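Here's the structure we're looking at; comments come further down.
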Amino acid sequence: MITVNGFNYYDYDLERKLSLWLREDLSLTGTKIGCDIGVCGSCTVLIDGEPKLSCRLKLKDVENCNIITIEGIALPDGTLHPVQQAFIDAGAIQCGFCTPGMVLTAYALLNKNPHPTRQEVRLAIRGNLCRCTGYQQIIDAVMLAADRLSSN
Amino acid sequence: MEKAFRNDAYAKVTGQAIYTDDLKLHDMLYAVPVYSEMPRAKLISLDGSAALKQSGVVAIITAKDIPGNIRYGQIIKDYPVLVDEDINSTGDVLALIVAQTREQAITAVPFIKIELQPLKPILDPEEAMKPDAEILHPFHCSNLTNYHRVRRGDVATAEKEADLIIEEEFSTSRVEHSYLEPESAICHLRSDGVMEVFGSMQHPFSTRRFVASTLGVELKDVEVKPLTCGGGFGGKDDTAALVCARAALCAWILKKPVKITYSREWSMRESYKRHPYKMQYRMGLNKEGQILSVKARIVADGGAYCSVTPWVTWRSTVQSCGCYEVSNVETDVYGVYTNNVFCGAMRGFGSPQINFAIEQLVEIAAEKLGMDEITFRRKNIVKQGSTTITGQVLDNHIVSLTQVLDAVLKESDYENKRKLCSLGNLNQKEWYGIGLAISYRGVSLGAEGTDVNSAILYVQPDGSVLLETSVFENGQGAESAMILIASEQLGLPLERIRYRMPSTSNIPDGGSTVASRGTIMGGGAVINASIILKQIITETIQKITGKSVAYFKDSKLLDSSDNLIMSWDEAIKLCYDNQVYPYAFGVFQPPQISWNEETGQGNAYFTWVYGCQAVELKVDSQTGAVELLNMIAAHDIGKVINPYALKGQYYGGMAMGAGYALFENCPCENGLVVPTNFHNYHPPRSINLPEMKAIFIENPDPISPSGAKGIGEPANEIMAPAIANAIYHATGKRYHSLPIRIKI
């Protein structure tokens with residue numbers, strides 16, 4: 001069994017690449033493929049809370065795991081998670097291709113370290129390439145999300 | 001806090017934004033390219049029979065299947081959509097394999113049997129320029145794609161009068177755009193006979209021309225609908241269009257939807273790059289620190305195909321002396337065919353190379369004259385009313401070089417920190433340096449192309465508004481800027497305006513969304529459409545009620561004494577009730593410009609922007625490792641439209657400039673691009689970059705209806721020389737080649 005965004009799946013090919021399974025079979029296309037060799041971070045998903053590169057994993061690697069993709073962190077009514085809202089409010093989005101992976105990496109960071117420094121954010125997102133932003137407003141967004149989450 | 005505005009932010013932050021590869025059509029097939037292993041050869045034979053027998057393979061498509069033109073190009077029609085005979089690059093596609101899945105098509109690639117007759121490639125542009133060099137494209141009769149020049153004054157006489165002549169050579173690297181979304185296209189033949197194209201691109205109209213040419217159909221028979229674009233930076237034009245043309249060809253032949261999505265490896269191998277330049281400069285100066293003359297010879301390796309090399313190198317020609325007044329100039333700029341990967345548009349478009357040379361050259365000159373680099377710059381920069389090296393008088397807008405320079409000097413505390421620079425002090429373990437660079441830049445296409453743009457404002461019966469323009473969303477926030485401008489003009493909240501999904505069949509071609517021209521051109525068209533729309537509404541109200549509308553504000557129409565005449569919604573209902581369409585088509589056409597190719601003189605651009613960037617860094621004196629400490633930019637952008645998006649352009653531009661300076665290089669070996677993916681090509685990561693600061697300088701431009709100019713490229717064109725200057729101030733060594741590799 002593999003759980004994705006709260007749904008359980010039982011029937012799948014263990015040799016199937018996780019990124020392709022999510023995108024092609026489950027139509028969860030928010031998970032992006034930028035390099036397909038595990039160096040750009042666009043395909044990041046959360047596996048039992050840890051950010052992992054789905055292009056480097058097969059389904060046999062994630063059996064009995066709980067997977068959260070970018071489609072799985074907003075509330076069912078569409079209300080955004082504070083990390084997502086902070087990305088919008090801080091102007092951290094341009095072309096958007098890195099955004100799902102960035103948001104999930106930031107989400108995992110703030111779960112572990114609710115009050116990171118800017119340098120800690122920089123370190124946490126070092127595996128996620130972004131060509132548009134220079135990362136400045138992405139770091140602003142993560143700091144803003146940390147503020148909002150801690151004041152809630 | 002003030003929040004950022006982007007119309008596409010919710011979709012992008014939830015993963016709902018549809019990029020081309022996210023879309024599936026019923027019964028869709030998948031095609032993949034088969035590349036040449038040689039940089040120059042004759043294609044003797046291609047046998048697809050074994051590949052065709054592989055599981056899932058539906059067809060092998062070759063040049064023989066092309067119903068229209070095999071070759072196409074924006075300037076010279078030299079690029080084969082599929083190779084028929086002559087191979088000029090390892091990025092050439094010899095065939096397409098179409099299968100039921102992408103994986104099946106990829107699996108079949110090794111089963112294609114290809115026979116090539118190797119020819120000796122030309123890999124060095126200097127070799128290609130020799131009189132006895134073989135002509136790579138016989139129909140073009142020359143290995144030069146173009147030759148541009150500037151001739152002004154008398155360099156020989158000026159050099160005789162000079163107290164100092166310096167000569168320096170610089171070279172820059174080939175750079176990959178590294179948009180995170182690789183090329184992707186889906187094409188299908190609609191039941192009305194139209195080839196419908198979904199794809200990721202910067203210029204859907206250019207794609208439409210490529211597709212129509214390949215299929216041999218008219219422009220009306222191709223409709224291009226760009227989907228969310230995962231970054232462009234100038235790179236999603238020719239190659240993006242070629243991918244669409246190939247998918248369209250497969251769909252045309254097989255009568256089924258066909259998707260082509262590139263792997264990063266294919267994208268790196270085939271897609272065009274920023275041109276590597278070799279630049280030889282000779283500068284004559286007097287001892288008072290005035291630049292008397294510049295003589296420059298600049299050679300751009302255009303690679304196997306022309307693309308927009310003549311336009312890229314034209315900007316280099318016009319801006320060949322940087323933002324300095326020089327009375328005596330001889331500049332010769334050559335775009336050259338070789339068998340390397342082809343080069344084309346990339347953010348900066350011929351200016352990052354020039355600025356890397358000039359902004360170091362002026363500091364070398366200043367030092368030799370015993371002047372500080374800021375005083376030297378102040379003496380020579382263009383000022384209000386100055387004449388450029390092409391004879392253009394800068395008098396129709398505010399020339400703000402001093403303003404941007406002063407802003408950066410103050411914010412960075414440059415003059416104090418400059419005294420702390422290490423200059424390679426052997427007693428220091430870490431060397432400290434600060435450096436800066438300045439530039440001016442002609443806005444939009446200049447004499448490179450036809451500059452016009454249009455917008456449609458279509459008010460619906462309930463008062464909501466559909467807006468479209470012929471600028472396109474590359475990720476920079478073009479749509480949001482257009483909505484903000486329309487909202488201000490019409491006095492409506494942002495949420496009442498929707499940017500309509502663009503299509504080439506609905507609005508005229510407004511040129512490519514490149515050249516930092518989106519906001520000035522599209523924004524100008526939105527304002528002109530708003531003026532027409534408001535006139536339609538005002539005249540209707542005048543006719544029906546006798547009242548004169550003076551203002552559109554807060555969803556209300558007011559008279560000249562600020563009295564309410566009626567609400568926006570009531571006004572729109574009145575229009576429809578009286579059989580008047582609140583629909584406007586607006587055009588923005590900037591003033592004509594001029595260029596004389598023989599003399600290299602003319603009013604090259606209708607207006608100019610000014611910028612300055614500075615950087616502080618540390619160099620490890622043992623290893624040579626560079627650590628960036630901070631980066632600052634000030635640009636005169638005319639007028640701020642969307643502050644967060646504007647900052648994003650500053651930061652992203654500086655980051656890309658830092659990559660150019662320190663990390664990025666695409667060498668070719670035997671014509672083949674050496675880096676294949678992001679493990680051996682290195683756009684900057686978060687840990688490579690410092691904190692950045694953006695300073696907005698606003699001098700609204702009289703020619704721009706919105707007052708705004710542009711920022712995409714100015715932000716990207718001067719960080720590399722700023723870093724080179726800072727490295728000199730840290731190490732005491734000049735680096736003349738990119739990327740900079742510090743030798744200890």
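Bear in mind that the values in this text are calculations on the coordinates, not laboratory data. Note that the coordinates shown come from a computational prediction; the quantities given were computed from them, not determined experimentally. So basically every Cβ, Gly included, is an ideal-geometry build from the backbone, and we count neighbours across all protein chains shown.
In Å³ and rounded to a whole number, note down the convex hull volume per residue for the Cα atoms of region A:82-151.
That works out to 69 Å³ per residue.
Give me the distance between the Cα centres of region B:364-439 and region B:36-89, rounded to whole Å.
51 Å
Of the cross-linked pairs B:Lys379/B:Lys429; B:Lys160/B:Lys383; B:Lys3/B:Lys553, which ones have a Cα-Cα span greater than 30 Å in the structure shown?
B:Lys379/B:Lys429
Any chance you could tell me what percent of the C-alpha pair distances in region B:309-397 go past 15 Å?
So the portion of pairs separated by more than 15 Å is 65 percent.
Taking every eigenvalue of the Cα gyration tensor of region B:35-139, multiplying by 5 and rooting it, what semi-axes result, largest first, whole Å?
Value: 30, 15, 11 Å, ordered largest first.
For peptide B:175-184, how many partner chain Cβ atoms fall within 10 Å of a residue's Cβ, on average?
Per-residue shielding by partner chains comes out at 4.
What does the net charge come to around B:Tyr324 if you take all other residues with beta carbon closer than 12 Å to its beta carbon, with K and R at +1 and D and E at -1?
Counting the neighbours of B:Tyr324, the net charge comes to +2.
Using only the alpha carbons of region A:2-72, determine the length spanned along each of the three principal axes and report them from longest to shortest in whole angstroms.
29, 23, 20
Is there a pair in B:Lys368/B:Lys417; B:Lys225/B:Lys259; A:Lys58/B:Lys24; B:Lys77/B:Lys120; B:Lys24/B:Lys255 whose C-alpha atoms are over 19 Å apart, and which pairs would that be?
B:Lys368/B:Lys417; A:Lys58/B:Lys24; B:Lys77/B:Lys120
Counting DSSP beta bridges in the protein assembly as shown, what percent are antiparallel, to the nearest 5?
Among the beta bridges of the protein assembly as shown, antiparallel pairing accounts for roughly 75 percent.
Which far-off residues, 5 or more places away or on another chain, put their amide H under 5 Å from the one on B:Asn146, with H placed in the peptide plane?
Placed amide hydrogens put B:Gly335 under 5 Å from B:Asn146.
Under a Cβ-Cβ cut-off of 15 Å, what is the net charge of the residues other than A:Ala86 that fall near it, where Lys and Arg count +1 and Asp and Glu count -1?
Net charge in that neighbourhood comes out at +1.
In vacuum, with every alpha carbon of region B:613-656 counted as one equal point scatterer, what does the Debye formula give for log10 I(q)/I(0) at q = 0.30 Å⁻¹? Two decimals, please.
Result of the Debye calculation: -1.09.
From the C-alpha gyration tensor of region B:305-356, pull out the three semi-axes of the equivalent ellipsoid (sqrt of 5λ each), sorted largest to smallest, in whole Å.
23, 12, 8
Considering the options A:Cys40, A:Gly6, A:Pro51, tell which one lies farthest towards the positive end of the dipole of region A:2-72, charges being +1 on Lys and Arg and -1 on Asp and Glu at the Cβ, about the Cα centre.
A:Cys40
Treat region B:452-588 as a sphere of radius equal to its Kirkwood radius over Cα pairs and apply Stokes-Einstein at 4 °C in a medium of 1.567 mPa s; give the translational diffusion coefficient in µm²/s, rounded to a whole number.
Approximately 86 µm²/s, per Stokes-Einstein.
If eta is 1.002 mPa s and T is 20 °C, what Stokes-Einstein diffusion coefficient results for region B:586-673, Kirkwood Rh from Cα pairs, in µm²/s?
Approximately 122 µm²/s, per Stokes-Einstein.
Using only Cα atoms, figure out Rg for region B:197-352 and give it as a multiple of 2.2 N^0.38 Å.
For region B:197-352, the normalised Cα radius of gyration is 1.33.
If neighbour count is taken as other Cβ atoms inside 10 Å, put B:Ser454, B:Ser516, B:Ser49 in order from fewest to most.
Going from least to most buried by this count: B:Ser49, B:Ser454, B:Ser516.
If you average 1/r over all unlike Cα pairs in region B:647-744 and invert the result, what Kirkwood radius do you get in angstrom?
15.6 Å
Taking chain B on its own, what percent of its Cα-Cα pair distances exceed 49 Å?
Percentage above 49 Å: 18.
Please give the per residue volume of the convex hull enclosing the alpha carbon atoms of the protein assembly as shown, rounded to a whole number of Å³.
So the per-residue hull volume is 178 Å³.
Return the average number of partner chain Cβ atoms within 10 angstrom of each residue Cβ along peptide B:260-269.
If you average over the peptide's residues, the count of other-chain Cβ atoms is 2.
Could you name the aspartates and glutamates in cross-link range of B:Lys113, using Cα to Cα under 14 Å and dropping any fewer than eight places away on the same chain?
The qualifying aspartates and glutamates are B:Glu37, B:Asp47.
For chain A, what does the convex hull of the Cα positions come to per residue, in cubic angstrom?
105 Å³
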